[in-house]
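The values are calculated or read from the model by the stated rules, or taken from the named source; none is laboratory data. Keep in mind the model is a prediction, meaning the values are calculated, not measured. Ideal geometry is used to build each Cβ from the backbone, glycine not excepted, and the neighbour counts take in all protein chains shown. Protein only, heavy atoms only, side chains kept; ligands, DNA and RNA dropped before computing areas. Shrake-Rupley method; radii C 1.70, N 1.55, O 1.52, S 1.80 Å.
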Amino acid sequence: AYEVVSLVWMELAMFGVAALVYFAFMGIPFMGPKKKNIPGMEHKPQKSAAQHTYRQWQQVKKGNGELPGGLYAVVTCMRELGKSSSQIESELHTALGREASERILPEIEQLPAAMIRDDAMDVLPMILRLLKDFGRPADAATYASLMAAQLRRRDYTGVASTASKLPSESLTPKMLAILATAAACRKELDEVLRNLSLLPMAEEGSRCALSSAGAGQILMLATKEQRIDEVKAELQRIGAQIKETKGMEGNQSMDVQRSMSSIKAFARNKDLPSATAVFDRLKLSGV
């Protein structure tokens, strides 16, 4: 019995030493009440700052006070507060009709570059509309940037809508190339040819405004509509990079088969985002 008691005390002593070593290195855990995570609380400081900026903006509209971050901070805070593009436009339009208009209008002229940098394409069209309404239209490069962003977002109708707001003589080669690519994605080959015909003839050392991806999209549509010779001649005239079109239909069929195999493989692995991405690429290629 004495030996059993000795063994028990030895085990307890070893446990006690181990506990002391653990607390010495790790510290004593805090046993207080667990802090609750309240949804939305982590965003409260940011939203509070946006609300403060918005209150300052209300005073500036009346001709009082200053805005440390300028008009860019105002537009940013309104977006953070969930205001729509039309609501932001209404706010700016109201301000331009009051005492602070002379101070605000020059700042609005600086907004397009900032919105392009932030990829805020939901706000940029209304800013361009405001500038045009108040006699300060943006330059062609700004409109070209908007059209390029709309093309990247597959807003092909938006590309045409933006171009329609400009005089035809102000459309640059870059804009015409974007219009042609967007028209090809909408399966409008006559519109594609109309825009290509406005592009200048290729000159030695000059770079074609139409990208190789855009030329490929146009050629694919021309192949489907059996107008490949007509389109190819126009692409050669402007100096576009043309890939060999022989066997294009066969190659496209092989691409479809490979894509379908990829979609099935992703589906088996329950990788829905990857399967969706492959399917979207098929749609973009006109299949």
(request) Could you grab me the full set of residues in region 113-167 that are under 19 Å from residue 182 (Cα atoms), in contact with a Pro (Cβ under 9 Å, 6 or more places away or on another chain) and among the small types (Gly, Ala, Ser)? (result) 145, 158, 161
(message) Name the single residue that is surrounded by the fewest Cβ atoms within 10 Å (Cβ to Cβ) among those in region 91-116 being within 13 Å of residue 146 (Cβ to Cβ) and not small (Gly, Ala, Ser).
(response) 116
(request) Specify the residue that is surrounded by the most Cβ atoms within 10 Å (Cβ to Cβ); the eligible residues are those in region 51-90 that are assigned to a loop (DSSP other than H, G, I, E, B) and touching a Phe, Trp or Tyr at 6+ places or on another chain (Cβ under 8 Å). (result) 67
(message) Which of the numbered conditions does residue 52 fail, given that it passes all the others? Conditions: (1) modelled with pLDDT of 75 or more; (2) closer than 30 Å to residue 135 by Cα.
(response) (2)
(message) Cβ-Cβ distance below 7 Å, separation of 6 or more or different chains: which pairs start in region 126-143 with a residue that is without any contact (Cβ under 8 Å) to a residue 60 or more places away in the chain and end on one that is open to solvent by 60 Å² or more (accessible area, probe 1.4 Å)?
(response) 130/93; 131/109; 131/137; 136/109
(request) Check residue 91 against each of (1) under 30 Å from residue 62 (Cα atoms); (2) under 22 Å from the mean Cα position of the chain (by Cα) and name the one condition it does not meet. (result) (2)
(request) Kindly list, by first and then second residue, each pair from a residue in region 184-199 that is touching a residue at least 40 places away in the same chain (Cβ under 8 Å) and surrounded by fewer than 17 Cβ atoms within 10 Å (Cβ to Cβ) to a residue that is in a helix (DSSP H, G or I) and hydrophobic (A, V, I, L, M, F, W, C), limited to pairs with Cβ atoms under 7 Å and residues at least 6 apart or on different chains. (result) 187/221
(request) Please note which helices (runs of 4 or more DSSP H) are completely contained in region 108-185 and include at least 2 residues that are closer than 24 Å to residue 96 by Cβ. (result) 124-133, 140-152, 156-164
(request) Could you grab me the full set of residues in region 225-245 that are in a helix (DSSP H, G or I) and crowded, with 16+ Cβ neighbours inside 10 Å? (result) 228, 231, 232, 234, 235, 238
